[in-house]
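The values are calculated or read from the model by the stated rules, or taken from the named source; none is laboratory data. Because the structure is a prediction, the values reported are computed rather than measured. No Cβ is skipped: glycine too gets one built from the backbone with ideal geometry, and neighbour counts run over all protein chains shown.
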Amino acid sequence: MRTSSDLHNFLQSKGIKHEICLVEHAPKTSRRAAAILGVREEEVIKTLIAWADEAPIVILLPASRHADLAIIASAIGAKEVRMAESSEVVTLTDYLLGATPPVGHVREMRTVMDSSVTNPPLVYCGGGEPNAILKIRPDDVVVVSGALVLDISED
């Protein structure tokens, strides 16, 4: 299983500035993570893994929003997009559920990012372990992942 050290090493190898914040207790919700970090909830990003037809994809969006799978399917030319099962997420990323970072997975996957993620200068997301939070510039996530940036979420 990968850890925050693996994530750090991956980002460092790509020359990406980042910080991994370790917290005493794993935040169970985006609201709690925002409170611990002293940031707005919109700055806390979730990493979802889904299937676009037969190919796994990464979906990045603010934790307070929901992905519109029909919009994603249309945007990437897929017939169907469905969320991955928990066991599939672990297999595809090699990270624990709830700690999945936006990049550095064991398997390379196409990434789709909600355009609202690019609004704040810094975002906070899964850091590879339950008590680790990754602080990174959204533009750097786009560079590393090659993310397609679209309007893919709803409140």
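Working only within the range 86-142, note down all residues that are within 19 Å of residue 13 (Cα to Cα), of a type outside the set (A, V, I, L, M) and in a helix (DSSP H, G or I).
Matches in the range 86-142: 93, 138, 139, 140.
Pick out the one residue from 71, 45, 59 that is modelled with pLDDT of 95 or more, of a type in the set (A, V, I, L, M) and in a helix (DSSP H, G or I). Reasoning before the result, please.
Details: 45 fails: in a helix (DSSP H, G or I); 59 fails: in a helix (DSSP H, G or I).
Of 71, 45, 59, the one residue that is modelled with pLDDT of 95 or more, of a type in the set (A, V, I, L, M) and in a helix (DSSP H, G or I) is 71.
Out of everything in the range 37-66 that is surrounded by fewer than 15 Cβ atoms within 10 Å (Cβ to Cβ) and in contact (Cβ under 8 Å) with a residue 40 or more places away in the chain, what residue ends up being farthest from residue 81 (Cα to Cα)? Working first, answer last.
The initial filter retains those residues of the range 37-66 that are surrounded by fewer than 15 Cβ atoms within 10 Å (Cβ to Cβ), namely 38, 40, 53-55, 66.
Going one step further and asking which of them are in contact (Cβ under 8 Å) with a residue 40 or more places away in the chain, we end up with 40, 55, 66.
Numbers: 40: 29, 55: 9, 66: 14 Å.
If we take residues in the range 37-66 being surrounded by fewer than 15 Cβ atoms within 10 Å (Cβ to Cβ) and in contact (Cβ under 8 Å) with a residue 40 or more places away in the chain, then 40 is farthest from residue 81 (Cα to Cα).
Take the residues in the range 1-23 that are of a type outside the set (A, V, I, L, M) and either outside any helix (DSSP H, G or I) or in contact with a Cys (Cβ under 8 Å, 6 or more places away or on another chain) (or both), then tell me which one is nearest to residue 64 (Cα to Cα). Give the steps one after another, and end with the answer.
If we filter the range 1-23 for residues that are of a type outside the set (A, V, I, L, M), which is where we start, we get 2-6, 8-10, 12-15, 17-19, 21.
Okay, now just the ones that are also either outside any helix (DSSP H, G or I) or in contact with a Cys (Cβ under 8 Å, 6 or more places away or on another chain) (or both), so 2-3, 14-15, 17-19, 21.
Values: 2: 26, 3: 25, 14: 29, 15: 30, 17: 25, 18: 23, 19: 22, 21: 21 Å.
Across the range 1-23, the extreme among qualifying residues is 21.
Output the residues belonging to the range 70-106 that are under 14 Å from the mean Cα position of the chain (by Cα) and charged (D, E, K, R).
Once the filter is applied, which keeps residues that are under 14 Å from the mean Cα position of the chain (by Cα) and charged (D, E, K, R), the range 70-106 yields only 94.
So which of 50, 78, 26 is modelled with pLDDT of 95 or more and part of a loop (DSSP other than H, G, I, E, B)?
On the way: 50 fails: part of a loop (DSSP other than H, G, I, E, B); 26 fails: modelled with pLDDT of 95 or more.
Unique residue meeting the criteria: 78.
Just wondering, is there one or more residues in the range 116-123 that are closer than 21 Å to residue 83 by Cα, in contact (Cβ under 8 Å) with a residue 24 or more places away in the chain and surrounded by fewer than 23 Cβ atoms within 10 Å (Cβ to Cβ)? Please lay out each step first, then the result.
Filtering the range 116-123 for residues closer than 21 Å to residue 83 by Cα gives 116-117.
Restricting the remaining residues to those that are in contact (Cβ under 8 Å) with a residue 24 or more places away in the chain gives 116-117.
Add one more test, that the residue is surrounded by fewer than 23 Cβ atoms within 10 Å (Cβ to Cβ), and what stays is 116.
Yes, there is a match, as at least one residue in the range 116-123 is closer than 21 Å to residue 83 by Cα, in contact (Cβ under 8 Å) with a residue 24 or more places away in the chain and surrounded by fewer than 23 Cβ atoms within 10 Å (Cβ to Cβ).
Where residues in the range 1-35 are loosely packed, with under 15 Cβ neighbours inside 10 Å and of a type in the set (A, V, I, L, M), which of them is farthest from residue 146 (Cα to Cα)? Quick ask: steps written out before the conclusion?
Applying the first criterion (loosely packed, with under 15 Cβ neighbours inside 10 Å) to the range 1-35 yields 1, 5, 9, 12-15, 17, 19, 22, 24-25, 28-29, 31, 35.
Remaining after also requiring of a type in the set (A, V, I, L, M): 1, 22, 35.
Details: 1: 24, 22: 27, 35: 30 Å.
Checking each candidate, the answer is 35.
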